[in-house]
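Scroll down for the structure; my scribbles are underneath it.
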Amino acid sequence: MKYTKLNSIHKKLNAKLVEFAGFQMPVYYTSIVEEHLSVRNGVGVFDVSHMGEIFISGKDALNFVQKVTINDASKLKSGKAQYSAMCYENGGIVDDLLVYLFEQEFMLVVNASNKDKDLKWLLQNKFGDVFIDDKSDDYTLIAVQGPKSAETLKNLVEIDINNLKYYSFEITKVGGVDAIVSRTGYTGELGYEIYLTGDEATAEKVWNAIFEEGKKFDIKACGLGARDNLRLEMAYCLYGNDINENTNPLEAGLEWITKLDKEGFIGKDALMKIKQAGIKRKLLGFELIEKGIPRHGNEIFYDSIKIGFVTSGTLSPFLNKPIGLGYFNVNFIDESKLFEIDNRGKRLKAKLTKTPFVQK
Amino acid sequence: MTIPADLKFTRDHEWVKVEGNIGTVGITDFAQSELGDIVFVDLKKTLTEIKKGEVFGTVEAVKTVADLYAPISGKIIEFNTNLESAAEVVNKDPYGEGWMIKIEIANPAELDELLDANSYKELIGA
């Protein structure tokens, strides 16, 4: 088992800890719902240090990133980040990730559960003058999210936090510690992700400084449970749930990051063919119109015809209604019709709904 | 973690409180904390009799769902219908307001097969 540098803080806070992607991580501290609402209404802080940070440098760094990712990294300016994905030759998704550009060097922020696989994939496809450096173990990643996040960080950073634009980052100090502050997140709220290196004491110093500043906003430590529900309310994909090696970005609603006009990236030919032929299923949002919670793997029926399956589901803490994402056979997509979710033998009535579920 | 000394427990984390020939059943403090925020308690209200080990309902938490198993056999004489609109009570007061069903005990010998507070404490490593 691996431990993040904030592990003793989680233990002190009496977090409910579970193993996730090989790390001991907090699912919740007090309550998923309470933590969730603190992010929607105030400010919440997540330890997401389990995420992987892989650095790509060398003369061919840009060409390499262009080859292995589906978004157009040539559009990135230094100090900007981009949501992207890596695909296999057949169009299936290796991982979704953030691509950061520091001058000539890229940082790929990948899912913890995929990090080893990603690294192998990168090495396998490496060419020319490219250096791949996995610095995941060096980095602590703290996400500060919610409408009060800017005010919480304002006095801790040596930049004007309000000038930092969405998907931009700056190298600065947070509470006196060198850090990268990035205006990104997985919650749909105003929020920042803080990358820092150093030992446990350094990570704790930053964490504690954030909590000191956030006290007046009733800041809360938030676990992976709240993180999952917050992203689901925004209909953001979660690798392993909504996307995986058997799904492609076009059917997953990630066409906006799939730059088919970009030259020769891995998976391009397959994705072009899929697009020409038309996708067969589509990841869509739905809500139940009765009591229950849709769960990952539940099958979706229209009368007796199986038309899809659920990839994520929860009781939305913000909307207080059961919501979910699922793949639907495109021939049966009809907003005006009810369909049924088979939840452990019980048929629950549902209807398609616009995403994000929570409008921001 | 609260484990009241006067209750009996199952390995599936239900508790029984025995008063005369009536057993009140719920889930333990450990169970509610493992489940996290409980959002629905779905009791099978069509049941009139139940056998030890049979499912009498499900409890849905934000992250997971769990079946509820009868710790003893007998006639079900009451369901806690308050839980239909206030499932979170199971988190807040698992041994009190969060009770789920009352069973008229058919076979008192079954009570001896349940765990006492000390054995349950050992089971959950508390």
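The values are calculated or read from the model by the stated rules, or taken from the named source; none is laboratory data. If you're wondering where the values come from, they're calculated on a predicted model, not measured in any experiment. Ideal geometry is used to build each Cβ from the backbone, glycine not excepted, and the neighbour counts take in all protein chains shown. Note: accessible area is taken over every heavy atom of the protein model, side chains too, but ligands, DNA and RNA are not part of it. Shrake-Rupley method; radii C 1.70, N 1.55, O 1.52, S 1.80 Å.
Numerical summary
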| item | result |
| --- | --- |
| Leading residue by the ranking (farthest from A:GLY198 (Cα to Cα)) among those in the range A:164-175 that are among the aliphatic types (A, V, I, L, M) and not in a loop (DSSP other than H, G, I, E, B) | A:ILE171 |
| Leading residue by the ranking (farthest from A:ALA226 (Cα to Cα)) among those in the range A:11-37 that are open to solvent by less than 20 Å² (accessible area, probe 1.4 Å), outside any strand (DSSP E or B) and out of contact with any Asp or Glu (no Cβ under 7 Å at 6 or more places or on another chain) | A:ALA15 |
| B:THR2 being in a loop (DSSP other than H, G, I, E, B) and of a type in the set (S, T, N, Q) | yes |
| A:LEU6 being within 17 Å of A:GLU204 (Cβ to Cβ), within 21 Å of the chain's Cα centre (by Cα) and away from chain B (no Cβ under 14 Å) | yes |
| Some residue of the range A:78-85 being away from chain B (no Cβ under 14 Å), free of Cβ contacts under 8 Å to residues at least 40 places away in the same chain and either more than 18 Å from A:LEU224 (Cα to Cα) or surrounded by fewer than 20 Cβ atoms within 10 Å (Cβ to Cβ) (or both) | yes |
| Any hit, the range A:261-275, residues being more than 29 Å from A:GLY191 (Cα to Cα) and among the β-branched types (Val, Ile, Thr) | yes |
| Near pairs, Cβ below 6 angstrom, 6+ apart or cross-chain, from the range A:294-312 (exposed (fewer than 14 other Cβ atoms within 10 Å of the Cβ)) to any residue that is at pLDDT 95 or above | A:LYS306/A:GLU299 |
| Test result for B:ALA117, surrounded by 14 or more Cβ atoms within 10 Å (Cβ to Cβ) and in contact (Cβ under 8 Å) with a residue 40 or more places away in the chain | yes |
| Candidates A:PHE169, A:PHE211, A:PHE217 - the one that is more than 29 Å from A:LYS2 (Cα to Cα) and away from chain B (no Cβ under 14 Å) | A:PHE217 |
| Which numbered condition B:GLU60 misses (of (1) open to solvent by less than 30 Å² (accessible area, probe 1.4 Å); (2) farther than 29 Å from A:ASN298 by Cβ; (3) among the charged types (D, E, K, R)) | (2) |
| Of the criteria (1) part of a loop (DSSP other than H, G, I, E, B); (2) open to solvent by 20 Å² or more (accessible area, probe 1.4 Å), which one A:SER49 fails | (2) |
| Extreme residue, nearest to the other protein chains (Cβ to nearest Cβ), among residues of the range B:5-36 that are open to solvent by 30 Å² or more (accessible area, probe 1.4 Å) and touching a helix residue (DSSP H, G or I) at 6+ places or on another chain (Cβ under 7 Å) | B:PHE30 |
| Test: residue in the range B:77-87 that is among the small types (Gly, Ala, Ser), over 12 Å from the mean Cα position of the chain (by Cα) and away from every other protein chain (no Cβ under 13 Å) | yes |
| Residue in the range B:42-56 that is surrounded by the most Cβ atoms within 10 Å (Cβ to Cβ), counting only those that are touching a helix residue (DSSP H, G or I) at 6+ places or on another chain (Cβ under 9 Å) and more than 11 Å from chain A (Cβ to nearest Cβ) | B:LEU43 |
| In the range A:116-163, the residues that are open to solvent by 60 Å² or more (accessible area, probe 1.4 Å) and assigned to a helix (DSSP H, G or I) | A:ASP116, A:LYS117, A:LYS120, A:LEU123, A:GLN124, A:ASP137, A:ASP138, A:GLU151, A:ASN162, A:ASN163 |
| Top-ranked residue in the range A:275-293 [being open to solvent by 30 Å² or more (accessible area, probe 1.4 Å) and outside any loop (DSSP other than H, G, I, E, B); ranked as nearest to A:LYS337 (Cα to Cα)] | A:LEU284 |
| Unmet criterion (only one of (1) within 18 Å of the chain's Cα centre (by Cα); (2) closer than 24 Å to A:GLY128 by Cβ) for A:PHE23 | (2) |
| Only one of A:ILE161, A:ILE132 that is in contact (Cβ under 8 Å) with a residue 12 or more places away in the chain and under 19 Å from A:ILE56 (Cα atoms) | A:ILE132 |
| In the range B:94-106, residue nearest to B:ILE77 (Cα to Cα) [restricted to those that are touching a Lys or Arg at 6+ places or on another chain (Cβ under 8 Å) and open to solvent by 60 Å² or more (accessible area, probe 1.4 Å)] | B:GLU104 |
| Output for the range A:232-261, where each listed residue is closer than 30 Å to B:ILE38 by Cβ and either more than 14 Å from chain B (Cβ to nearest Cβ) or touching a strand residue (DSSP E or B) at 6+ places or on another chain (Cβ under 6 Å) (or both) | A:LEU232, A:GLU233, A:MET234, A:ALA235, A:TYR236, A:CYS237, A:TYR239, A:GLY240, A:ASN241, A:ASP242, A:ILE243, A:ASN244 |
| Some residue of the range A:196-219 being assigned to a strand (DSSP E or B), among the hydrophobic types (A, V, I, L, M, F, W, C), at pLDDT 95 or above and over 17 Å from A:PRO26 (Cα atoms) | yes |
| Filter result for the condition that a residue is small (Gly, Ala, Ser) and over 26 Å from the mean Cα position of the chain (by Cα), over A:GLY308, A:GLY278, A:GLY324, A:GLY292 | A:GLY278 |
| Some residue of the range A:156-169 being under 16 Å from the mean Cα position of the chain (by Cα) and among the charged types (D, E, K, R) | no |
